[in-house]
Amino acid sequence: MTKKTLAITASLCLPLILWYLFIKPYDYLMTFTAKTSPGTIYTGIREWGNTENIITLENHHFSAITQQLKAGDSTLTFNWEMTSRNDSVTKVKVRVTDPEHSLRNKIAVLFTRSAIENISVNRVANFKKGLEEHLKTFRVKVNGISEIPKAFCACTTVRTRQPEKAQGMRQHYSTATDFLTTNGIRQKGVPRLEVNDWDIEDRIIRFNFCFPIQKSDSLPEGPGIFYKEIPSRKAIKATFHGDYSISDRAWFALLDYARRNHLNISAKPLEIFYSNPNTGTNPLGWKAEVFMPIDEN
């Protein structure tokens, strides 16, 4: 190789080397895909972080999350990024940085399996394994544009953390059904849940737990019970199979569908439950229809 060729090669390689060592904003990168929505992965990362004593530094709801982990003399930053490919597949990128030892790590990665690589691979592999096990417990299918079926209902209002939604329904189920039975009011359909407020950051929801009944001008009053008409409304619909405590996975799928199809929606999902969880059947056999109203204003 001539000196001229060497000089040209060096001039081309030097900027790349300088970028890699001093400008590249992360030390190690991992990628994987998962057959679910970005929101389900995002929620899983937050829950995983709570169990691993990881500090969450920054959130971009359902698309990115930055976390910090102490490992020996290092403080690692994990930047997770979730990108939806279609209705059922999400690509995940995890960029890991150790600000105190970034240059050392970048050099080590080129020649050996570095400490940051070992820690990163093990942590992300454990998360991915847990995610895959979780995805076996439910199924979501986005059906597309539909209509929320109207109903006149007797309802109670519940405020709870999002992961405790099913517990909140169980606590109010007997209150509502005992009231209906005592007053001879016959149900005209299966229960439904209508979200009024959803605090995505703190994962707090307030919802009406409702039982369709025959509308009448002389309905009895009861503590904590009120009546309301739930109107028919254009919405996007998903069908969920699984434990109702995690039916919010369908909410995430609908949010992603709306984003990719440029639909303006109201993030106040409505769920209709067709199965009785008290029968002891496999939760994968439980069915719910989940709607996200389309904002037509």
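No value in this document is a laboratory result; all are computed from the given coordinates. Keep in mind that this is a model prediction, so the values were computed, not measured. Every residue, glycine among them, receives a Cβ derived from its backbone with ideal geometry; neighbour counts consider all protein chains shown.
Annotations
- For peptides 248-259, 28-39, sequence by mean Cβ density within 10 Å, most packed first: 248-259, 28-39
- Given charges at beta-carbon only (K, R positive; D, E negative), |dipole| of the range 106-198 in Debye: 240 debye
- Helical segments meeting 24 Å axial Cα length and Kyte-Doolittle 1.6 threshold in the chain (DSSP H): none
- Quotient of C-alpha Rg and 2.2 N^0.38 Å, computed over the range 192-281: 1.26
- Normalised per residue, the volume of the convex hull around the Cα set of the range 141-293 (Å³): 107 Å³
- Annotation for the range 52-93: trypsin sites (Lys or Arg not before Pro) lying in DSSP loop with at most 13 further Cβ atoms inside 10 Å of their Cβ are ARG85.
- The dipole here belongs to the chain: it is taken about the Cα centre, uses +1 on the Cβ of Lys and Arg and -1 on the Cβ of Asp and Glu, and is about 980 debye.
- Ellipsoid fit via the Cα gyration tensor, the chain: semi-axes of 50, 20, 15 Å, each the root of five times an eigenvalue, largest first.
- Greater than 30 Å apart at Cα, pairs in LYS150/LYS287; LYS70/LYS91; LYS70/LYS141; LYS70/LYS287; LYS165/LYS234: LYS70/LYS141; LYS70/LYS287
- With a cut-off of 12 Å between beta carbons, the residues surrounding CYS153 carry a summed charge of +3, where Lys and Arg count +1 and Asp and Glu -1.
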